Amino acid sequence: MSAARSLRSSPRTLEVESLDSFDRLVAGGARSMHGWHLQSLDLRGRRRPLESFDVTGAIFLGCSFDDGVEDSLRGRGALIFPKMGAVPFNPYRGRLYTPQELYAGIANTRYEDTLDAKIYQWSIRPGQRRRLDATLAAALHDHSIGDALEELTRSELCRGRTMVGVMGGHAASRGTEAYTEAALLGRLLARNGRTVATGGGPGTMEAANVGAYLSVTDEVDFQRALSDLAAVPGFRPSVSAWARAAAAVVERHPDGTPSLGIPTWFYGHEPPNYFATHIAKYFANAIREAILVELCDGGIIFLPGSGGTVQEIFQDACENYYGAPETITPMVLVGKEHWLRRFPAWPLLQSLAAGRRMEERIFLVDSVEEALTVLDR
């Protein structure tokens, strides 16, 4: 993260997320740290400004100090959140995850030994969700992820591009028609200037991120990648093999199109996919779902799914039902047979929308090409 991007402000706060930013502020003549939020910084060697500045109202999150500096800061009005050494993650991290970070070492080790798996195992220890320290660590982590996600929406990835959500079932296996259609959808969206966002998991979520990531490739390379992935259809029985197949494709195409995945450790049995270049992984599933819906200012396309996808349809519908005219976004359900008969969400959605502004923003189509067409309207 560059110094320019790691320094962000609001009327009352200044978030300092790199030593370059800290040093630049000090050199710029600042004499008060009031409202500064310093996040996960190694401030050893910065004794002089820390002891000479007015630190009333400053917040230090998981920072390191020279001996005696922490007591001095606290005594002069700073609020200091200590490092949490007993957790396998940084609660104060200032950036989103990457698949390479969550799956570090997957080429030579089991998934169970990766960072992603270790965090999940920590989260499900008996009584963990009732422990004050664990609850605090998870809440601070999710706050930091939300903060980093907000920064992402102001970055080059999103600037001038609408974000379109793709939601659907996690059970679609690589190599199936459902998976291929979802990958085609992600590819078409990215090629049409949209940023793709998914729930970040396997199945159609992975497929949409695959399609977006490989949108820069030609058709031959795209089909070859889908064929290579199909050799390991799903994450059962081996997440390790499933992730390695994905990592091999990414390694062969290192400059794919960025996209977003927002998974959760609440569903730890669903590993994050390797094709979302930016991963906002949360402990709290409810927060994760609400944020995903909120971010998709270009609308959401709902591919065939079951319980989770039905919930997401009506979570989005509720936002549109009560939203101001300028906040109503398109909802596109793909698969007439699925949404009319197997899980008849469409008739209920139509009834809910009748007579309201959202009525003109809901669509039922039968193909991903049609979905893109109605979005282009």
**OP:** Under 17 Å Cα to Cα from LYS118, which lysines show up? Leave out anything in the same chain fewer than 8 places away.
**Re:** LYS281
Subject >> Among HIS269, LEU295, ILE362 - extreme Cα towards positive end, dipole of segment 255-377, charges at beta-carbon >> reply: HIS269
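Please identify the helices of the chain, taking whole runs of DSSP H, that span at least 24 Å along their own axis as judged from the Cα atoms and have a mean Kyte-Doolittle score of 0.0 or higher. Don't jump to the answer; show the numbers that get you there.
Details: long enough: 132-153 (32 Å, 0.27).
Correct list, ordered by number: 132-153.
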**OP:** Grab the other residues whose beta carbon is less than 15 angstrom from that of VAL87, score K and R as +1, D and E as -1, and report the net.
**Re:** +4
Subject >> Average Cα contact separation per residue, the chain, under 8 Å, 6 or more apart, as relative contact order % >> reply: 12 percent
**OP:** May I ask you to rank ASP316, ASP42, ASP218 by accessible area, largest first, using a 1.4 Å probe over the protein chains only?
**Re:** ASP218, ASP42, ASP316
**OP:** May I ask you to rank THR327, THR277 by accessible area, largest first, using a 1.4 Å probe over the protein chains only?
**Re:** THR327, THR277
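When only DSSP loop residues count, what trypsin sites (Lys or Arg not before Pro) in segment 312-365 have their Cβ near at most 11 other Cβ atoms within 10 Å? Please list the in-between numbers first.
Details: sites: LYS336, ARG341, ARG342, ARG356, ARG357, ARG361; in loops: ARG356.
When the trypsin sites (Lys or Arg not before Pro) of segment 312-365 are filtered for loop state and at most 11 Cβ neighbours within 10 Å, nothing remains.
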Subject >> Cβ-based net charge around ARG236, under 15 Å, with every Lys or Arg adding one and every Asp or Glu removing one >> reply: 0
Original post:
Accessible area per residue of the chain at 1.4 Å probe, in Å²?
Top reply: 46 Å²
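Can you tell me the dipole magnitude for segment 22-124 around its Cα centre, using point charges on the Cβ only (Lys, Arg +1; Asp, Glu -1), in Debye to the nearest 20?
Values: 13 positive and 12 negative charges, 54 e Å.
Magnitude of the dipole: close to 260 debye.
For every helix of n ≥ 4 consecutive DSSP H residues, a contribution of -39,500 (n - 2.57) applies; sum these over the chain, divide by its total residues, and give [θ] at 222 nm rounded to the nearest 500 deg cm²/dmol. Before the final figure, lay out the partial values.
Working: 14 runs with 153 residues, N = 377.
Computed mean residue ellipticity for the chain: -12500 deg cm²/dmol.
In the chain, what percentage of the DSSP-assigned beta bridges are antiparallel, given to the nearest 5? Intermediate values should be presented prior to the final figure.
Working: 4 of 34 bridges.
Antiparallel: roughly 10 percent of the beta bridges in the chain.
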Original post:
What are the residues whose amide H is under 5 Å from the amide H of GLY305, where those residues sit 5 or more places off or on another chain and H is modelled from the backbone?
Top reply: GLY169
Subject >> Fluctuation leader among THR264, THR98, THR153 - the chain, Gaussian network, Cα springs under 10 angstrom >> reply: THR153
Original post:
Binned at 10 Å from 0, what are the whole-percent values of the Cα-Cα distance distribution for the chain, short to long?
Top reply: 5, 22, 28, 23, 14, 6, 1
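The values are calculated or read from the model by the stated rules, or taken from the named source; none is laboratory data. Quantities reported herein were computed from a predicted structural model and do not represent experimental measurements. Quick reminder, even Gly has a Cβ in these numbers, built from the backbone with ideal geometry, and neighbours come from all protein chains shown. Just so you know, the surface numbers come from the protein's heavy atoms only, side chains and all, with ligands and any DNA or RNA stripped out. Shrake-Rupley method; radii C 1.70, N 1.55, O 1.52, S 1.80 Å.
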